[in-house]
Amino acid sequence: METGVSGTANGYRALIGCSVAIYWPGAFIFSFPGVMAPYWQDTFQVGKGGVGNLLFFVLAALGIFMFFVGRWQERLGHRNMITVGVMLCSLNCLMLPFLPNIYALYLWAFLNGASSCFVYIPSLTMVQWWFPLKRGLVSGVVNLVFGLSAAIMTPVFTYLFIGLGYTLMAMVVGFVSLITGTIATRWTNPPPLELEGPPESLDAASGIHMDNSLTASEALRSTSFWNLWLTWAFQGASGIAMVTLSTSFGLSRGFSLAEAVVILTIFNLASGFSRIASGYASDLVGRNITMSVTFIAAGISYLLMPWFEHLYIISLCAGFVGFAFGTLFAVSAPLAVDCFGMKHFGSIFGLMFTSYGFVAGLVGPTLAGYMLDFTRGNFPLVFGYLGIFCFLAGGLIRYVVPPQRIPTGATN
């Protein structure tokens, strides 16, 4: 039986509320840019590199705000942070029809990334407090919705865009996200005991005593933190690049827009479902091996993808990349807790995200877009270096282990 507050009705309500709240930020980050990339290129007269910059600004916001939200939630409350994120995400969507140029669209992308921070970090923190014995599983559930939302919304965005047009689509989606997100925040309550600090049994359940949780500065001095930081840089770059590259690659193969979107849909489906599958698997067989195997499989898929012509085989390869991308999100959070403890999880996880924000965006979608412009669509070259990134991440993650801790109560 699970101990502590896990398994209560309020715990499951919080899990559902956090999952619903993260739905729209996931859709706007992992799906919307891929669907709208050709339209934005034509409307704002930019190349693939110009559109690829959108994800750089999304990730830059993650790099900036993840750490601060991790700190703010300790003082201002998790539910308040989630409410801010839901409101910002919805209002940002309603701005879309009024953006005059690509630079305004970059601001939209930055605010979109910021909104996801206000929902993502508090949600992950909250569900791991509620379910201390199933951190991998509940983290996977939240990440499942974060990624699966994109798979669901990719064909929906395409249908709405074709049927309603750009302006009306943005208005409809913006108001729907505002209503559903506001309802979800009413369920995002943390355990009452968190107000006085989590009880010993919660952290002891994972084998980590609260007194031995590392501070952010202590984590920064460990090799494990920097191995995890580099893993997010490499695997994050290779994963997020597929969001904008998938549709463009499909169009370069002669597929229609509706057919090319299938590649993005499969990527997002795999990214979504892998988050709960990998999270659960990591509770059973270990975090490091789960991540390493999926990252290497993604690297092989990237190297093979440019040489296939059939839509469904290409989509299958994109699915392996998506599976690894989802695994990165789902398993990194509980792995960080395993290594550094729960007490300062938000701050440490936020610092780790700086690599995803400031490095992955540049060397992933931004660099890939400009390389395609410069080489006139040399996808084998771009997919080749992204595949190498996956192999590097698959090796680095094996060395992310709990740093040496001084046992509680030990004396010199």
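Would you confirm whether or not the range 70-78 contains a residue that is within 19 Å of Met126 (Cα to Cα) and aromatic (Phe, Trp, Tyr)?
Among the residues of the range 70-78, at least one is within 19 Å of Met126 (Cα to Cα) and aromatic (Phe, Trp, Tyr), which makes the answer yes.
May I ask you to list the residues in the range 15-36 that are modelled with pLDDT of 85 or more and small (Gly, Ala, Ser)?
Gly17, Ser19, Ala21, Gly26, Ala27
Would you be able to tell me the number of residues in the range 94-126 that are more than 21 Å from Phe67 (Cα to Cα) and either hydroxyl-bearing (Ser, Thr, Tyr) or touching a Ser or Thr at 6+ places or on another chain (Cβ under 6 Å) (or both)?
Here is the first cut: in the range 94-126, the ones more than 21 Å from Phe67 (Cα to Cα) are 94-106.
Applying the additional criterion that residues be either hydroxyl-bearing (Ser, Thr, Tyr) or touching a Ser or Thr at 6+ places or on another chain (Cβ under 6 Å) (or both) yields 97, 103, 106.
Adding up the residues that qualify gives 3.
I'm checking my understanding of the structure. Among residues of the range 37-91 that are at negative phi and not in a helix (DSSP H, G or I), which one is modelled with the lowest pLDDT? Steps first, answer last, please.
Filtering the range 37-91 for residues at negative phi gives 37-44, 46-76, 78-91.
Pick out the ones that are also not in a helix (DSSP H, G or I) and you get 46-47.
Details: Val46: 80, Gly47: 77.
That would be Gly47.
Kindly list the number of the only condition in (1) touching a residue at least 12 places away in the same chain (Cβ under 8 Å); (2) closer than 22 Å to Ala260 by Cα; (3) surrounded by fewer than 23 Cβ atoms within 10 Å (Cβ to Cβ) that fails for Thr43.
Unmet condition: (1).
(1) closer than 22 Å to Gly272 by Cβ; (2) crowded, with 20+ Cβ neighbours inside 10 Å: which one isn't true of Gln73, the others all being true?
(1)
Filtering the range 308-325 down to residues that are buried (at least 24 other Cβ atoms within 10 Å of the Cβ) and among the β-branched types (Val, Ile, Thr), which residue is farthest from Gly254 (Cα to Cα)?
Taking the candidates together, the pick is Val321.
Among the residues of the range 374-381, are any in a helix (DSSP H, G or I), out of contact with any His (no Cβ under 8 Å at 6 or more places or on another chain) and touching a residue at least 24 places away in the same chain (Cβ under 8 Å)?
As a first pass, look at the range 374-381 and keep what is in a helix (DSSP H, G or I): 374-375, 379-381.
Filter once more, keeping what is out of contact with any His (no Cβ under 8 Å at 6 or more places or on another chain): 374-375, 379-381.
Pick out the ones that are also touching a residue at least 24 places away in the same chain (Cβ under 8 Å) and you get 379-380.
Taking every residue of the range 374-381 in turn, at least one turns out to be in a helix (DSSP H, G or I), out of contact with any His (no Cβ under 8 Å at 6 or more places or on another chain) and touching a residue at least 24 places away in the same chain (Cβ under 8 Å).
Do we find a residue being closer than 13 Å to Gly26 by Cα, at pLDDT 85 or above and of a type in the set (Phe, Trp, Tyr) anywhere in the range 132-150?
No, every residue in the range 132-150 fails to be closer than 13 Å to Gly26 by Cα, at pLDDT 85 or above and of a type in the set (Phe, Trp, Tyr).
On the given criteria, is Ile82 β-branched (Val, Ile, Thr) and surrounded by 24 or more Cβ atoms within 10 Å (Cβ to Cβ)? Break it down stepwise before answering.
Values: β-branched (Val, Ile, Thr): yes; surrounded by 24 or more Cβ atoms within 10 Å (Cβ to Cβ): yes.
Yes: the conditions hold for Ile82.
What single numbered condition from (1) hydrophobic (A, V, I, L, M, F, W, C); (2) free of Cβ contacts under 8 Å to residues at least 24 places away in the same chain; (3) crowded, with 21+ Cβ neighbours inside 10 Å fails to hold for Met305?
(2)
Mind checking which pairs have a first residue in the range 176-188 that is in contact (Cβ under 8 Å) with a residue 40 or more places away in the chain and a second that is surrounded by fewer than 18 Cβ atoms within 10 Å (Cβ to Cβ) and assigned to a helix (DSSP H, G or I), Cβ under 7 Å, 6 or more apart or different chains?
What qualifies is Trp187/Arg13; Trp187/Ile16.
Hey, could you check the range 100-141 for residues that are of a type in the set (Ser, Thr, Tyr) and crowded, with 24+ Cβ neighbours inside 10 Å and say which is nearest to Cys89 (Cα to Cα)?
Initial filter on the range 100-141 (of a type in the set (Ser, Thr, Tyr)): 103, 106, 115-116, 120, 123, 125, 139.
Remaining after also requiring crowded, with 24+ Cβ neighbours inside 10 Å: 115-116, 120, 123, 125, 139.
Values: Ser115: 5, Ser116: 7, Tyr120: 12, Ser123: 15, Thr125: 20, Ser139: 21 Å.
This residue is Ser115.
If you go through the range 343-395 one residue at a time, how many are under 20 Å from Met66 (Cβ atoms) and of a type outside the set (S, T, N, Q)?
21
Condition first: in a helix (DSSP H, G or I), out of contact with any Pro (no Cβ under 9 Å at 6 or more places or on another chain) and among the hydroxyl-bearing types (Ser, Thr, Tyr). Can you find one or more residues in the range 129-144 that meet it?
No, because not a single residue in the range 129-144 is in a helix (DSSP H, G or I), out of contact with any Pro (no Cβ under 9 Å at 6 or more places or on another chain) and among the hydroxyl-bearing types (Ser, Thr, Tyr).
The values are calculated or read from the model by the stated rules, or taken from the named source; none is laboratory data. Note that this is a predicted model, so its numbers are computed, not measured. Here the Cβ is made from the backbone with ideal geometry for all residues, glycine too, and neighbour counts use every protein chain on show.
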